[in-house]
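Worksheet: one structure, shown below.
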Amino acid sequence: MASLTTARRIVVKIGSALLVDRETGQLRRDWLMSLAEDVAWLKTKGIDVVLVSSGSIALGRGVLALPAVELALEQSQAAAAVGQIRLARAYEEALAPHGITTAQVLVTLEDSTDRRRYLNSRATLEQLLSLGVVAIVNENDTIATDEIRFGDNDRLAAQVAVTVGADQLILLSDVDGFYTANPVEDRSATRFDRIDRITAEIEAMAGDAGSGLSKGGMKTKLMAAKTATAAGCAMAITEGSTRNPLKSLQDGAPATWFSAQTDPQAARKRWIAAMKPRGTITLDAGAVKALMSGKSLLPAGVAQVDGAFQRGDAVAISDASGHILGHGLCRYTADETRIIKGRKSQDIEALLGYPGRAALIHRDDMAV
């Protein structure tokens, strides 16, 4: 089984049923404090941690004294708005004693399908991680109506894992892994310790039922596993209600691990290389040399810009003779790139009227 301490970056998904007491609607503070201990332990190992947390609707429901039945859309959105501020505060109070700064990041599934918004999300999360911050990511349930009605944060957690290039995704759930059948209904059901490939047979074993406060079932977890493992991120499903659930997983608690199909960087490079370029950026000799040594592309090294592309679009990267060196996601539009080409990064604000990013194409957004 995988070891958490060998990871470089871990995304942990926390379900509503773990955070919020089903009977009282109150936060399970003791459990959250133990999770904070686990996060601090991982941080001491030099591991980046991102938390994707459900719970805003469940917390808000209790505050607003809404009935324990399926809520109308407007009620769910109101509960999310009230509960989210309490959820963020709870994480801040739990992690602060360990000297850990927290940040709240609210996203929707669309943020990972639109390239421009994807790049913004990725840049923000990367900056937070570089500063040692633990980001608390949640679906923006006040506007993401489809997610409130049909989904869970399992898929969102997988997409966050892909966005930040995590090598492990841990789904803390109310079950201790993936079974051949629903273990509550079928006593003969057995748990998989490891799944190397998600086959049609595996998919047929998944059920839809979730727990009382958690809306996700095994099908959403399999969808998450497909997304994560294809991007080079191993994924575990484990029972999370015990204290210190991450340390318990490290110590051999029951779980199902889904094997990564590649490594995160290789998967990302293949994705970028497969995209159809919307234009071409031609480099001078100095920039070619810098690129080949693993550096990001700066505006100063650009000699020519061809095509009409938007921020986040893929472009071909060429040398002066027309030889294509690779592809990358450009952080500026074609018109902006023409304005700043050949100029130093510190001149960008004066040229464009706003403080842009120093790199035209960051090395992590480039397949050379």
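So the check is Cβ under 7 Å with 6+ separation or different chains; which pairs have a first residue in segment 273-298 that's closer than 16 Å to Arg363 by Cα and a second one that's acidic (Asp, Glu)?
Leu283/Asp319; Val288/Asp319
List, please: which pairs have Cβ atoms under 9 Å, are six or more places apart or on different chains, and start with a residue in segment 11-30 that is in contact (Cβ under 8 Å) with a residue 60 or more places away in the chain and end with one that is hydrophobic (A, V, I, L, M, F, W, C) and surrounded by fewer than 19 Cβ atoms within 10 Å (Cβ to Cβ)?
Listed by first residue and then by second, the contacts come to Arg22/Ala68.
Here's a check for you: in segment 4-47, which residue that is in contact with an Asp or Glu (Cβ under 8 Å, 6 or more places away or on another chain) and outside any helix (DSSP H, G or I) is surrounded by the fewest Cβ atoms within 10 Å (Cβ to Cβ)?
Filtering first and then ranking leaves Arg8.
Would you mind stating whether Ala40 is more than 23 Å from Gln159 (Cβ to Cβ) and touching a His at 6+ places or on another chain (Cβ under 7 Å)?
For Ala40, the condition - more than 23 Å from Gln159 (Cβ to Cβ) and touching a His at 6+ places or on another chain (Cβ under 7 Å) - is met.
I need a count of the residues in segment 125-144 that are surrounded by fewer than 15 Cβ atoms within 10 Å (Cβ to Cβ) and either charged (D, E, K, R) or at pLDDT 90 or above (or both).
Going through segment 125-144 one residue at a time, the tally reaches 4.
Cβ-Cβ under 8 Å, sequence separation 6+ or interchain: first residue in segment 242-257 and in a loop (DSSP other than H, G, I, E, B), partner among the acidic types (Asp, Glu). Which pairs?
So the pair list comes out as Arg243/Asp30; Asn244/Glu37; Asn244/Asp38; Ala253/Asp176; Ala253/Glu239; Pro254/Asp176; Pro254/Glu239.
For segment 93-115, indicate whether the set of residues that are of a type in the set (A, V, I, L, M, F, W, C) and under 20 Å from Ala17 (Cβ atoms) is non-empty.
Looking through segment 93-115, at least one residue is of a type in the set (A, V, I, L, M, F, W, C) and under 20 Å from Ala17 (Cβ atoms).
Just one of the numbered conditions (1) in contact with a Cys (Cβ under 8 Å, 6 or more places away or on another chain); (2) under 30 Å from Asp196 (Cα atoms) is not true of Val315; which one?
Condition not satisfied by Val315: (2).
Please tell me if Ala204 is modelled with pLDDT under 90, more than 23 Å from the chain's Cα centre (by Cα) and not in a loop (DSSP other than H, G, I, E, B).
yes
So which residues in segment 160-188 are out of contact with any Cys (no Cβ under 8 Å at 6 or more places or on another chain), among the hydrophobic types (A, V, I, L, M, F, W, C) and assigned to a strand (DSSP E or B), if there are any at all?
Selection gives Ile170, Leu171, Leu172.
Just checking, how many residues over segment 323-368 are among the small types (Gly, Ala, Ser), under 17 Å from Arg270 (Cβ atoms) and touching a Gly at 6+ places or on another chain (Cβ under 7 Å)?
Number satisfying all stated conditions: 1.
Could you list, in sequence order, the residues of segment 82-96 that are free of Cβ contacts under 8 Å to residues at least 24 places away in the same chain and closer than 11 Å to Ile136 by Cα?
Arg89, Glu92
Can you say whether Ala359 is surrounded by 14 or more Cβ atoms within 10 Å (Cβ to Cβ) and in contact with a Lys or Arg (Cβ under 8 Å, 6 or more places away or on another chain), as far as the supplied structure shows?
Yes: the conditions hold for Ala359.
Within the group Gly301, Gly210, which residue is modelled with pLDDT under 95 and in contact with an Asp or Glu (Cβ under 8 Å, 6 or more places away or on another chain)?
Gly210
The values are calculated or read from the model by the stated rules, or taken from the named source; none is laboratory data. What you are looking at is a predicted structure, and each value in this text was computed from that prediction instead of being measured. Virtual Cβ from ideal backbone geometry, glycine too; neighbours counted across all protein chains shown.
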